[in-house]
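The values are calculated or read from the model by the stated rules, or taken from the named source; none is laboratory data. None of the values given here were measured: they were computed from a predicted structure. Backbone-built Cβ (ideal geometry, glycine too); neighbour counts: all protein chains shown.
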Amino acid sequence: MTFDHLNQPLSPTEARVLATLMEKARTVPDSYPMTLNSLLSGCNQKTSRDPVMNLSETDILSTLDTLRDRHLVIEVSGQRAMRWEHNFERVLGVPSQSSALLGLLLLRGPQTAAELRTNTERWHRFADTGSVEAFLEELQDRAEVKGGALVRLLPKAPGAREARWAQLLCGEPSLPSASAHNPATVSKQGESERLEALEARIAALEAQVQRLCAALGEEQA
């Protein structure tokens, strides 16, 4: 079974639910498979998430249904409540090392190979950054018969020391504009904002002076 991610990209909510299951399977195996409540808490974490979300139980249940239809999650019976586990590696046909990298990219957005090595420490311990890059390159060069590339090395942002990798399971990644990383542009934007604030303050002071002059019956100079 293969997953054609280019024709069926994951929605942001699907990506969050699926990746949270992938994360908790590795980091807290004693509480896995996950209940709805634990999955809700994991999806809405304020740390290790980009972006931070505020999903409801209804959102989670609806998303679990769509992921189950796509064979990416499996519902299992628990003693007190239904529990859920992911089926990611089997559906996509990727090894556990690649699965760890993809799950982290789904949860935290584009990252450098060095950042991925550090952030996957609890998921999988890579020997070095080179081994991370090797798995990423394998995912990038994935054959079309298997669904094509699952990650892409993004163009290096101006001023950045390293290029970042992005997952393609949610479709083509949006590239930040060069101006967003250009120190000169950021500086000009800051100066413009300060100038606007200063002009607004001057206007407020002039209005206050006018009110004082009116109250004293004097004409403003």
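If you filter region 72-96 down to residues that are in contact with a helix residue (DSSP H, G or I) (Cβ under 8 Å, 6 or more places away or on another chain) and of a type in the set (G, A, S), you find that the one that is nearest to L21 (Cα to Cα) is S96.
Picking from residues in region 104-114 that are surrounded by 15 or more Cβ atoms within 10 Å (Cβ to Cβ) and out of contact with any Lys or Arg (no Cβ under 8 Å at 6 or more places or on another chain), the one that is nearest to L10 (Cα to Cα) is L105.
Scanning region 142-152 for residues that are at pLDDT 95 or above and of a type outside the set (K, R) yields A149, L150, V151. Output yes when any residue across region 1-8 is closer than 28 Å to G148 by Cβ, outside the structural domain of E138 (by TED's automatic domain parsing), surrounded by 13 or more Cβ atoms within 10 Å (Cβ to Cβ) and of a type in the set (A, V, I, L, M), and no when none is. Yes; the residues of region 1-8 include at least one that is closer than 28 Å to G148 by Cβ, outside the structural domain of E138 (by TED's automatic domain parsing), surrounded by 13 or more Cβ atoms within 10 Å (Cβ to Cβ) and of a type in the set (A, V, I, L, M).
Looking at region 27-34, is at least one residue within 21 Å of L104 (Cβ to Cβ) and part of a strand (DSSP E or B)? Looking through region 27-34, at least one residue is within 21 Å of L104 (Cβ to Cβ) and part of a strand (DSSP E or B).
Against the condition at pLDDT below 95, hydrophobic (A, V, I, L, M, F, W, C) and surrounded by 13 or more Cβ atoms within 10 Å (Cβ to Cβ), how does A157 come out, does it pass? Can you show your working first?
Working: at pLDDT below 95: yes; hydrophobic (A, V, I, L, M, F, W, C): yes; surrounded by 13 or more Cβ atoms within 10 Å (Cβ to Cβ): yes.
Yes, satisfied.
For region 160-188, a tally of residues being surrounded by fewer than 13 Cβ atoms within 10 Å (Cβ to Cβ) and either of a type in the set (D, E) or at pLDDT 95 or above (or both) returns 1.
Can you give me the number of residues within region 115-130 that are surrounded by fewer than 17 Cβ atoms within 10 Å (Cβ to Cβ) and closer than 19 Å to E162 by Cα?
Here is the first cut: in region 115-130, the residues surrounded by fewer than 17 Cβ atoms within 10 Å (Cβ to Cβ) are 118, 121-122, 125, 127-130.
So of that shortlist, the ones also closer than 19 Å to E162 by Cα come out as 118, 128-130.
Within region 115-130, residues that are surrounded by fewer than 17 Cβ atoms within 10 Å (Cβ to Cβ) and closer than 19 Å to E162 by Cα number 4.
Annotation: S48 fulfils all but one of (1) under 19 Å from the mean Cα position of the chain (by Cα); (2) part of a helix (DSSP H, G or I); (3) hydroxyl-bearing (S, T, Y); the unmet one is (2). Only one entry of R80, R117 meets the criterion of being of a type in the set (K, R) and modelled with pLDDT under 95, and that entry is R80.
Residue pairs whose Cβ atoms lie under 9 Å apart, separated by 6 or more positions or on different chains, with the first residue in region 53-69 and of a type in the set (D, E, K, R) and the second in a helix (DSSP H, G or I), are E57/L36; E57/N37; E57/L40; D59/T13; D59/V17; D59/L40; D59/C43. Of all residues in region 58-97, exactly one satisfies the criterion of being over 18 Å from V28 (Cβ atoms), among the β-branched types (V, I, T) and surrounded by fewer than 14 Cβ atoms within 10 Å (Cβ to Cβ), namely T58. Across region 24-39, the qualifying residues are those that are free of Cβ contacts under 8 Å to residues at least 24 places away in the same chain and surrounded by 15 or more Cβ atoms within 10 Å (Cβ to Cβ), and the one among them that is farthest from N87 (Cα to Cα) is S38.
Take L139 and decide whether it is out of contact with any helix residue (DSSP H, G or I) (no Cβ under 6 Å at 6 or more places or on another chain), surrounded by 10 or more Cβ atoms within 10 Å (Cβ to Cβ), closer than 26 Å to Q8 by Cβ and modelled with pLDDT of 65 or more. Against the criterion (out of contact with any helix residue (DSSP H, G or I) (no Cβ under 6 Å at 6 or more places or on another chain), surrounded by 10 or more Cβ atoms within 10 Å (Cβ to Cβ), closer than 26 Å to Q8 by Cβ and modelled with pLDDT of 65 or more), L139 does not qualify.
Among the residues in region 67-79, are any among the polar types (S, T, N, Q) and under 12 Å from the mean Cα position of the chain (by Cα)? Taking every residue of region 67-79 in turn, none turns out to be among the polar types (S, T, N, Q) and under 12 Å from the mean Cα position of the chain (by Cα).
For region 40-54, which residues satisfy the criterion of being touching a Lys or Arg at 6+ places or on another chain (Cβ under 8 Å) and buried (at least 17 other Cβ atoms within 10 Å of the Cβ)? G42, C43, R49 - these are the residues of region 40-54 that are touching a Lys or Arg at 6+ places or on another chain (Cβ under 8 Å) and buried (at least 17 other Cβ atoms within 10 Å of the Cβ).
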